[in-house]
1. Full extension from residue 3 to residue 361: what is 0.36 nm times the residue separation minus their Cα-Cα distance, to one decimal in nm?
2. For a quick protection proxy, order the peptides 316-325, 27-36 by their average other-Cβ count within 10 Å, most packed first.
3. Report, largest value first, the span of the C-alpha coordinates of the chain along each principal axis, in whole Å.
4. Between 0 and 90 degrees, rounded to the nearest ten: what's the tilt of helix 230-243 against the longest Cα principal axis of the chain?
5. Please check: in the Gaussian network model of the chain (C-alpha springs, under 10 Å), which one of 258, 303, 75 has the largest mean-square fluctuation.
6. For the Cα atoms of the chain, what angle does the longest principal axis make with the long axis of helix 70-82, in degrees from 0 to 90, nearest 10?
7. Could you state the orientation-averaged shadow area of the convex hull built on the Cα atoms of region 3-130, in nm² to one decimal?
8. Can you give me the distance in nm between label points at residue 217 and residue 244, each placed 7 Å from the Cα along the Cα-to-Cβ direction?
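No lab work stands behind these numbers, since they all come straight from the coordinates. Since this is a predicted model, take the numbers as computed values, not measurements. Every residue, glycine as well, gets a Cβ built from its backbone with ideal geometry; the counts of neighbours run over all protein chains shown.
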Amino acid sequence: MDARTDLWMANLVDERDGAALYEGLARHEKDPEKARSFREIALAERRHADMWAKKLEKEGVALPPDRPSSRVRALIWLAHRLGTAAVVPMVLEAEATDADKYDAQGGDAAPIADEEREHRKTLVGMTRGQPTEARDIIAVRERWHRSSSAAGSIRAAIFGMNDGLVSNLSLILGVAGAGVEPRTVVVTGFAGLLAGAFSMAAGEYTSVASQRDLLQRQVDMERREIEEAPEEEAAELALIFKQKGLSTEQASRTAAELLKNPESAADTLVREELGLDPTDLGSPTNAALSSFAMFSVGAFVPLVPFLLATGNVAAGVSAALAFLVLAGVGGLVGFLSGTSVVLSAVRMAGLAALAAGVTYAVGRLFGATVV
């Protein structure tokens with residue numbers, strides 16, 4: 001193959017991967033509207049793939065098997081386990097990259113760049129509750145509406161572990177650099193682990209509980225509005241249905257039928273206006289336990305070598321182990337996001353090295369007075 005067909009082959013593989021990814025997300029999406037959006041994007045990706053396949057076949061190039069990459073299989077597995085909301089933020093960067101790639105190629109690829117940008121807008125809309133013109137109009141009248149987005153489970157887990165690892169590594173190396181007794185280093189490490197984990201858990205519990213209270217208040221207000229001003233809510237529902245393609249008469253009739261069941265009407269308005277799932281507003285307890293667990297795991301990593309060795313050997317192994325884990329986590333984030341694995345790994349490990357290096361130097365400089 002020459003450079004041109006090599007480029008076409010890369011485009012074909014990328015588009016097939018995109019189609020497989022969105023087909024997988026559609027299978028695991030519970031919201032019918034979002035599932036439909038995923039399927040539409042998948043069809044567009046299949047159409048793009050067919051275009052590159054025809055070009056390659058015309059040049060006599062054999063096509064590879066149509067199998068999704070390991071990254072796509074991993075993302076689909078995560079969507080199955082954690083929901084599509086945990087995966088969509090990782091896909092956004094890839095869509096932007098694809099648009100830039102096709103812009104640079106020009107020619108037949110230029111129209112595809114515009115479609116990729118539209119795909120990204122659709123995905124951004126999903127992360128923000130799929131804002132529509134109807135919702136914008138309604139929100140002008142009802143100022144209490146506030147948009148919200150589900151917390152990214154994967155991002156929270158990575159942040160918790162990263163925070164625990166970096167903070168406890170810095171603490172342990174700072175104390176070890178001061179030349180204190182090995183037992184003191186271990187006690188300090190466990191104290192840092194527990195203090196940090198409880199602090200993270202308490203902060204996460206308070207944050208999620210406050211957010212849940214706010215969201216529940218919005219849901220309750222929507223239900224009360226249906227009781228107190230059903231005509232206005234019927235107009236809002238009709239406006240939403242018109243934005244979905246129904247005629248004025250069909251939209252009004254559908255809204256009237258839906259309002260016969262106030263609970264269903266409230267559920268629809270909450271989902272469409274606020275972008276909320278009233279059955280899933282977040283669990284403060286689960287968030288707190290998750291933060292506690294992930295911080296503890298991360299904080300325990302740099303402590304392990306000090307349970308088996310002492311002095312500079314333990315400090316060196318602790319730093320090496322921590323940087324290895326951080327590089328692995330950073331590389332995994334890059335892999336799932338479709339960005340540079342090496343850059344992501346180096347960035348995460350590099351920032352940790354800077355923090356740990358400063359605290360160790362301070363410990364060495366001031367000795368036990370740091371403690």
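1. Taking residue 3 through residue 361 to full extension adds about 123.7 nm, to one decimal.
2. Values: 316-325: 18.5, 27-36: 14.8.
Highest to lowest by the protection proxy: 316-325, 27-36.
3. 80, 68, 29
4. It works out to around 90 degrees.
5. Sorting by GNM fluctuation, first place goes to 258.
6. 80 degrees
7. Across all orientations, region 3-130 yields a mean hull projection of 7.4 nm².
8. Spacing of the two 7 Å Cα→Cβ label points: 2.9 nm.
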